[in-house]
Structures are given as structure tokens and as C-alpha cells.
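**Student:** Following this message is one structure expressed as C-alpha cells.
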Amino acid sequence: LFYLYDFIVVFGFLIPVIPVCWVYAMYIWFGVVFSFHVMLYTFATTIDPADVKVRAKRYNRVLPFFDRNLHHHVIENEYCFLCEVEVGLKAKHCSKCNKCIADFDHHCKWLNNCVGE
């Protein structure tokens with residue numbers, strides 16, 4: 001919805017008020033920038049930052065949620081009890097994605113995806 005609003009404001013209101021000699025250049029410039037932005041956003045939301053071993057493993061069931069009665073941490077001694085794989089030192093199990101993320105930084109609510117390696 002924001003992209004539609006942005007598209008209408010830039011191409012419908014801002015570009016027509018600039019000098020005539022710059023109109024076509026601005027159409028091209030904003031078109032390229034808008035297309036590049038949509039392409040990068042699509043790439044960022046569809047990339048899977050999960051650990052390599054998690055991506056390689058095929059699960060026949062839905063992963064369970066973490067139960068603190070069984071383990072103190074999801075990952076102990078570089079082994080994730082939910083994903084049932086060995087992970088790297090910097091990996092962390094994201095509670096929102098429910099998978100191990102290599103070199104985990106944070107879960108981005110704007111992308112609805114984890115930021116990691």
C-alpha cells in the first residue's frame with residue numbers, strides 16, 4: 001500500500017511541478033530508484049538466513065516450540081534441540097522464525113525475517 005502511495009505522489013504530483021526540461025529525466029530517475037528499491041526489498045524478505053545444516057535437513061513434521069522444563073537453552077554445546085542439528089558458535093534459535101540462524105543479529109519486524117549470515 002505504501003508503494004502505491006509513493007508511486008502516485010512521485011509520478012503524479014512531484015514530477016509534473018518541476019521544470020519541463022527535467023521531466024523525462026526525473027521520470028527515468030525515480031523509475032530506476034523505485035524499481036531498485038522494490039527489487040532489494042523482495043530480495044531481503046525472501047532470503048533464508050538459516051544455518052546451512054538447518055537448510056539441508058528435511059523435516060517431516062512441524063518443529064516444536066522450546067520447553068524450558070527440558071533444557072535451559074535451545075542451543076547447548078553447539079547443538080539445537082529443536083532443529084536437531086549441530087550449529088555454529090554464533091548461531092541462535094529465533095523464536096519468531098522457529099529455526100536456527102547463522103550469525104544471528106536480530107529479527108526484523110519490518111522485513112518479517114531474521115538478519116544474519
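The values are calculated or read from the model by the stated rules, or taken from the named source; none is laboratory data. Keep in mind the model is a prediction, meaning the values are calculated, not measured. Cβ: placed from backbone, ideal geometry, glycine included. Neighbour counts: every protein chain shown. Quick note on the areas: whole protein, heavy atoms, side chains included, nothing else; ligands and nucleic acids left out. Shrake-Rupley method; radii C 1.70, N 1.55, O 1.52, S 1.80 Å.
**Student:** Can you name the number of the only condition in (1) over 26 Å from Cys108 (Cβ atoms); (2) open to solvent by 80 Å² or more (accessible area, probe 1.4 Å); (3) not in a loop (DSSP other than H, G, I, E, B) that Asn60 fails?
**Tutor:** (3)
**Student:** Moving on to the next point. Considering only segment 16-29, how many residues are modelled with pLDDT under 85, assigned to a helix (DSSP H, G or I) and open to solvent by less than 70 Å² (accessible area, probe 1.4 Å)?
**Tutor:** The number of residues fulfilling the criteria is 2.
**Student:** Sort out which residues of segment 47-57 are of a type outside the set (A, V, I, L, M, F, W, C) and either open to solvent by less than 100 Å² (accessible area, probe 1.4 Å) or in a loop (DSSP other than H, G, I, E, B) (or both), and write them in order of number. Spell out the reasoning first.
**Tutor:** The initial filter retains those residues of segment 47-57 that are of a type outside the set (A, V, I, L, M, F, W, C), namely 48-49, 51, 53, 55, 57.
If the condition is that a residue be of a type outside the set (A, V, I, L, M, F, W, C) and either open to solvent by less than 100 Å² (accessible area, probe 1.4 Å) or in a loop (DSSP other than H, G, I, E, B) (or both), then Asp48, Pro49, Asp51, Lys57 are the ones that fit.
**Student:** If you check every pair at least six apart or on different chains, which have Cβ atoms under 9 Å apart with a residue in segment 103-114 that is within 14 Å of Ala44 (Cα to Cα) first and a residue that is among the polar types (S, T, N, Q) and open to solvent by less than 80 Å² (accessible area, probe 1.4 Å) second?
**Tutor:** So the pair list comes out as His107/Asn113; Leu111/Thr45; Asn112/Thr45; Asn113/Thr45.
**Student:** Mind listing whichever residues of segment 15-61 are of a type in the set (Phe, Trp, Tyr) and either farther than 23 Å from Gly88 by Cα or under 20 Å from the mean Cα position of the chain (by Cα) (or both)?
**Tutor:** So in segment 15-61, the residues of a type in the set (Phe, Trp, Tyr) come out as 22, 24, 27, 29-30, 34, 36, 41, 43, 59.
Listed by number, the residues that qualify are Trp22, Tyr24, Tyr27, Trp29, Phe30, Phe34, Phe36, Tyr41, Phe43.
**Student:** To continue, here is another question. Which of the residues that make up segment 67-98 are part of a strand (DSSP E or B), farther than 12 Å from Val52 by Cβ, of a type in the set (D, E, K, R) and touching a strand residue (DSSP E or B) at 6+ places or on another chain (Cβ under 7 Å)? Talk me through it step by step, then tell me what you get.
**Tutor:** In the first step, residues of segment 67-98 are kept if they are part of a strand (DSSP E or B); the result is 75-76, 79-80, 85-86, 92-94.
Right, trim to farther than 12 Å from Val52 by Cβ and you get 75-76, 79-80, 92-94.
Next cut, of a type in the set (D, E, K, R) only: 76, 92.
Hit for segment 67-98 is Lys92, nothing else.
**Student:** Turning to a different aspect of this structure: Could you list, ordered by first residue, the pairs with Cβ atoms under 8 Å in which the first is in segment 33-59 and in contact (Cβ under 8 Å) with a residue 40 or more places away in the chain and the second is polar (S, T, N, Q) and open to solvent by less than 80 Å² (accessible area, probe 1.4 Å), at least 6 apart or interchain?
**Tutor:** Ala44/Asn113; Thr45/Asn113; Ile47/Asn113; Pro49/Asn113
**Student:** OK, next. Out of everything in segment 80-114 that is surrounded by 14 or more Cβ atoms within 10 Å (Cβ to Cβ) and of a type in the set (Phe, Trp, Tyr), what residue ends up being farthest from the chain's Cα centre (by Cα)?
**Tutor:** Among those residues, the one meeting the criterion is Phe81.
**Student:** Moving on to the next point. Considering Phe13, Phe43, which residue is open to solvent by 80 Å² or more (accessible area, probe 1.4 Å) and under 25 Å from Ile101 (Cβ atoms)? First the steps, then the outcome.
**Tutor:** On the way: Phe13 fails: under 25 Å from Ile101 (Cβ atoms).
Exactly one of Phe13, Phe43 is open to solvent by 80 Å² or more (accessible area, probe 1.4 Å) and under 25 Å from Ile101 (Cβ atoms), namely Phe43.
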